[in-house]
Amino acid sequence: MSTIDSFLQQIQHGITTHNGRRIADFLVLNFDNLDPEKQKPYQDLHNELNSRYPTNNNNKDAQLSNKVKNSLSSEALRSIHSPFCEAVIGYFRYVRDFAGDSGLLKARKIERVTKQCIAALREDQPGPTMIPVVLYLTNVLRQISINLDRDPELRGLNSGDGSTTSSIGGSGGDDDNISISYVEQTGNTLREAFMKIVKVTNPTNRIIPPAPDHLLSGLYLMLNSCMRIYQHAGKLRNSESILQQLELRCPPISFYPAAQRVTFLYYLGLFYFTSNQFYRALLCLQTAYEMCPKRACNTQRQMILIHLLATNICIGRLPRNILLYDLAAHPISRPFAELNQIIRNGDIGRFHVFMDYTLPSPLSDSADWLLRKRVLLQLKNRCEILVWRSLIYRATKYAGFLGSSEEGRQASMPYVRYSHIHQAACISYARARQMVYDTTGGSVDLNSGSDNEYIDPEFVDSGYNSDEHDNYHEAGGEACYHQPDHTGLHDPTPEEINGVFLSLISQGLLKGFVHHSYPDLLQSRFAIPGVRRPQSKAFDSIATQAGHTWKDVGFPSIFEVIREREEASDGGVVPGWVTEEKAKRSGGRVINLAGARAVGQ
């Protein structure tokens, strides 16, 4: 028996027994990475295809197509006979031309084979058998796409002007020259497979678990692979359309194995994390973390913990115990523990140094690690206001007026002046500048960047010399020279302090009001109303228990504020997370308007 006949016989057996994994095991694409013993059958297949059905011979190629179609039984394949045969023919062509094809040509051929297998996805057997085959093909296609994105020379085919198409299946036209990476194109291909599975769902009957041999049994396998590819491409937001279809038509996630549930909730949490919806991300990642076994899946728990810790910090929950008792958190605890301490202390200058990955090591070690884990941007944008809040709290505690307990004095509410906040921030920035100078020996000059070189025309005559990076201010007819700041850590202006207060108040993270003082804005005050006037130690104890102290009133729990706001807006429901309760009440989404009346009747 020839090698071609042997392969066709094994594929036919996999179709007959509905064993998609067996078919995927035979349709090996990267066989050049196999051991010599396992590589031999594919090398024999390569030689036989080149000898009997050579390239660029239309007659021989037609003979190969007829042989495959006649060898694979149409009775066993039923409705998928035509697309699956085309997939097998495409695989044989791929093996035949493997040695001479470039990386881009290989990717295009694999994509054609994958799309033929996707076309073979049908509700009845052997349609569900194609699910493992599609998953394997897209996984190999993803690996090749990663290499194509990393090394432009592997793309192989260039257009006449030297430019390359950005899509695997692109034809080189103007419509193909768009900003889509090869990995993202692979995710779009797999999304087509998911949409095809979704079409067979019955939205009005979602509470019945799918049978093991039903097409819906591979729903979350396909979805998880698609979201994984989008995550690698940095395009996880492309999953929004498939999550909408999942919400409307698909069965609850509880019907599927635990491994698929954990994986889906992890990627769903990443989706909301990248969308800056941190409370929804927390619900998904926390559930995935709790469902993941401690001993057997330590690596997976660590992956979940990275984004779970970042999400908690973004919404004001500073984790402590989890960094100590969970072994999975030990290798990743240092950057988060350091960031927690910075937020608690309100050290705004140290925060900017901590988040600057452009500084030399060791100052940028934590920021560089957070950047590689894709959590730096969210932490930097969200945590700065939390650091300011802690700084305001400490300044209020040690320098603010907390109320008077002296008899005869008029009761007044606690307050803190802007000048105290400004002074504390300046001290923090001064310490940060000194730390950078001591670590780098004064070799760092962040003012040389493009942001500092640009001067708005409105401030051209303000006395700033952009060429010499010096500040000259005319005072009494004499030029006063100020040494330029070589760390980029500038003291905040009164307007910036005012903006911080207004931002915190508008977000509900500070409870109080601002009494502005003009023209000296630093004499403005932030006051906290609703605080009980202290009269005695016994009263202080009662007020503390009742939550009427200046701390309880003026500085509410950040997490509680965010949770109340999120639950008030959507009831704490996470779109895309299909629960049994949600599936029961969704139904067919049909609204009966028989008793509706016109407006005014």
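The values are calculated or read from the model by the stated rules, or taken from the named source; none is laboratory data. All figures in this text were calculated on a predicted structure; none of them were measured in a lab. Glycine gets a Cβ as well: all are built from the backbone with ideal geometry, and neighbour counts include every protein chain shown.
The table that follows gives values for the structure above.
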{"item": "Yes/no for residue 365 being among the charged types (D, E, K, R), at negative phi, surrounded by 19 or more Cβ atoms within 10 Å (Cβ to Cβ) and at pLDDT 90 or above", "result": "no"}
{"item": "Of the criteria (1) crowded, with 18+ Cβ neighbours inside 10 Å; (2) outside any helix (DSSP H, G or I); (3) not aliphatic (A, V, I, L, M), which one residue 124 fails", "result": "(1)"}
{"item": "Test: residue in region 588-595 that is under 30 Å from residue 227 (Cβ atoms), surrounded by fewer than 15 Cβ atoms within 10 Å (Cβ to Cβ) and modelled with pLDDT under 60", "result": "yes"}
{"item": "Odd one out for residue 235, checked against (1) in contact (Cβ under 8 Å) with a residue 12 or more places away in the chain; (2) over 22 Å from residue 140 (Cα atoms)", "result": "(2)"}
{"item": "Flag if residue 288 is in contact (Cβ under 8 Å) with a residue 24 or more places away in the chain, within 14 Å of residue 375 (Cβ to Cβ) and crowded, with 20+ Cβ neighbours inside 10 Å", "result": "no"}
{"item": "Qualifying residue in region 252-260 (condition: in a helix (DSSP H, G or I), without any contact (Cβ under 8 Å) to a residue 12 or more places away in the chain and out of contact with any helix residue (DSSP H, G or I) (no Cβ under 6 Å at 6 or more places or on another chain))", "result": "yes"}
{"item": "Check on residue 111, at pLDDT below 90, within 35 Å of the chain's Cα centre (by Cα) and either of a type in the set (Asp, Glu) or more than 23 Å from residue 192 (Cα to Cα) (or both)", "result": "yes"}
{"item": "Number of the condition not met by residue 265 [criteria: (1) among the aliphatic types (A, V, I, L, M); (2) over 21 Å from residue 373 (Cα atoms); (3) at pLDDT 95 or above]", "result": "(2)"}
{"item": "Residue 215 being modelled with pLDDT of 75 or more and in contact with an Asp or Glu (Cβ under 6 Å, 6 or more places away or on another chain)", "result": "yes"}
{"item": "Yes/no for residue 73 being among the polar types (S, T, N, Q), in contact (Cβ under 8 Å) with a residue 60 or more places away in the chain and surrounded by fewer than 16 Cβ atoms within 10 Å (Cβ to Cβ)", "result": "yes"}
{"item": "Region 219-272, residues that are under 20 Å from residue 146 (Cβ atoms) and charged (D, E, K, R)", "result": "228, 235, 237"}
{"item": "Helices (runs of 4 or more DSSP H) within region 318-425 that include 2 or more residues within 26 Å of residue 528 (Cα to Cα) and among the aliphatic types (A, V, I, L, M)", "result": "333-345, 376-399"}
{"item": "Failed criterion for residue 97 (all others in (1) of a type in the set (Asp, Glu); (2) surrounded by fewer than 16 Cβ atoms within 10 Å (Cβ to Cβ); (3) at pLDDT 80 or above hold)", "result": "(2)"}
{"item": "Identity of the residue in region 32-42, in contact (Cβ under 8 Å) with a residue 12 or more places away in the chain and not acidic (Asp, Glu), that ends up nearest to residue 88 (Cα to Cα)", "result": "42"}
{"item": "Matching residues, region 410-423, being aliphatic (A, V, I, L, M) and buried (at least 19 other Cβ atoms within 10 Å of the Cβ)", "result": "413, 416, 421"}
{"item": "Filter pass, residue 139 being modelled with pLDDT of 80 or more, in contact with a helix residue (DSSP H, G or I) (Cβ under 6 Å, 6 or more places away or on another chain), surrounded by fewer than 23 Cβ atoms within 10 Å (Cβ to Cβ) and part of a helix (DSSP H, G or I)", "result": "no"}
{"item": "Residue tally, condition surrounded by 19 or more Cβ atoms within 10 Å (Cβ to Cβ) and touching a Lys or Arg at 6+ places or on another chain (Cβ under 8 Å), over region 319-339", "result": "1"}
{"item": "Test result for residue 92, at pLDDT 90 or above, assigned to a helix (DSSP H, G or I) and crowded, with 16+ Cβ neighbours inside 10 Å", "result": "yes"}
{"item": "Residue check, residue 265 among the aliphatic types (A, V, I, L, M), touching a Pro at 6+ places or on another chain (Cβ under 8 Å) and buried (at least 17 other Cβ atoms within 10 Å of the Cβ)", "result": "no"}
{"item": "Long-range neighbours under 9 Å by Cβ, at least six apart or interchain, first residue farther than 19 Å from residue 369 by Cα within region 300-323, second among the acidic types (Asp, Glu)", "result": "316/560"}
{"item": "Region 76-98, residues that are touching a residue at least 60 places away in the same chain (Cβ under 8 Å) and over 20 Å from residue 13 (Cβ atoms)", "result": "94, 98"}
{"item": "Selection within region 196-237 - in a helix (DSSP H, G or I), under 15 Å from residue 129 (Cα atoms) and not basic (Lys, Arg)", "result": "197, 215, 216, 217, 218, 219, 221, 222"}
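Let's see how each residue does on (1) surrounded by fewer than 18 Cβ atoms within 10 Å (Cβ to Cβ); (2) assigned to a strand (DSSP E or B); (3) on the phi > 0 side of the Ramachandran plot; (4) modelled with pLDDT of 90 or more:
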residue	(1), (2), (3), (4)
473	yes, yes, no, no
479	yes, yes, no, no
484	yes, no, no, no
487	no, no, no, no
498	no, no, no, yes
501	no, no, no, yes
504	no, no, no, yes
